[in-house]
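Comments concern the structure below.
The values are calculated or read from the model by the stated rules, or taken from the named source; none is laboratory data. Model, not experiment: these values are computed from the prediction. Glycine gets a Cβ as well: all are built from the backbone with ideal geometry, and neighbour counts include every protein chain shown. Only protein heavy atoms, including side chains, enter the accessible area calculation; ligands, DNA and RNA are left aside. Shrake-Rupley method; radii C 1.70, N 1.55, O 1.52, S 1.80 Å.
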Amino acid sequence: MSYTNIVTSFLQDDNKILILKRSDRVKSMKGLWAGVSGIIENNEIPINRAKIEIWEETGIEEMQIALLKSVKEMRVRAPQYKNHEWNIFPFLFQVDNPKIKLNWENSEYRWIDPAEITNYETVPSLENILSNLL
């Protein structure tokens, strides 16, 4: 089975978690809610990719975030590809009252109570990834 390495980060502010709705312009998972995610390129260190994705997708700079927790990577079946999995590297970061500036990859964002994640149509296993970080 083949796989793709992905980072998925959650930003936490006042016990709320940031989720992003994937735009119609992305390649996969259009219109689904997700954390801040991206493909790990080459032999990149996952936390470095996570920080890059946070900046690209939200406009939040590295000096504005603090790592709270990371957990062992998790394999998630990629439903749109046959015999393929996502190898997810999960991270949880603290931010304080950030100003969000979305790029083209996402169409909207919400700050939610973590228990509310079940109210959203999300990318596969997002609830499980989040619960492992909390």
Please list 3J(HN,Hα) in residue order for region 7-14, calculated via the Karplus relation 6.51 cos²θ - 1.76 cosθ + 1.60 where θ = phi - 60°; whole Hz, with x for glycine and proline. 9, 10, 10, 10, 9, 10, 9, 6
With N denoting the number of residues in the chain, provide Rg(C-alpha) divided by 2.2 N^0.38 Å, to two decimal places. 0.97
Net charge contributed by nearby residues that have their C-beta within less than 15 Å of residue 114 (K/R +1, D/E -1): -2
So, by mean Cβ neighbours within 10 angstrom, what's the order for 22-30, 87-95 with the highest one leading? 87-95, 22-30
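Using the Cα atoms as the points, what is the convex hull volume per residue of region 60-116 in Å³?
Residue-normalised Cα hull volume stands at 150 Å³.
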In nm², what is the average projected area of the convex hull enclosing the Cα atoms of region 34-91? 4.7 nm²
Find how many whole Å separate the alpha carbon centroid of region 57-117 from the alpha carbon centroid of region 1-25. 2 Å
Using the Karplus equation 6.51 cos²θ - 1.76 cosθ + 1.60 (θ = phi - 60°), what ³J(HN,Hα) coupling, rounded to whole Hz, does each residue of region 80-90 give in order, writing x for Gly and Pro? 8, 10, 7, 6, 9, 10, 9, 9, 8, 9, x
To the nearest 10 Å², what's residue 41's accessible area with a 1.4 Å probe? 100 Å²
Using θ = phi - 60° and Karplus 6.51 cos²θ - 1.76 cosθ + 1.60, couplings along region 101-114 (whole Hz; Gly, Pro as x): 10, 6, 9, 5, 6, 10, 9, 7, 9, 8, 9, 10, 5, x
In percent, how large is the relative contact order of the chain, given Cα pairs closer than 8 Å and 6 or more residues apart? 36 percent
If amide hydrogens are placed 1.01 Å from N in the peptide plane, which non-local residues have theirs closer than 5 Å to the one on residue 32? 22
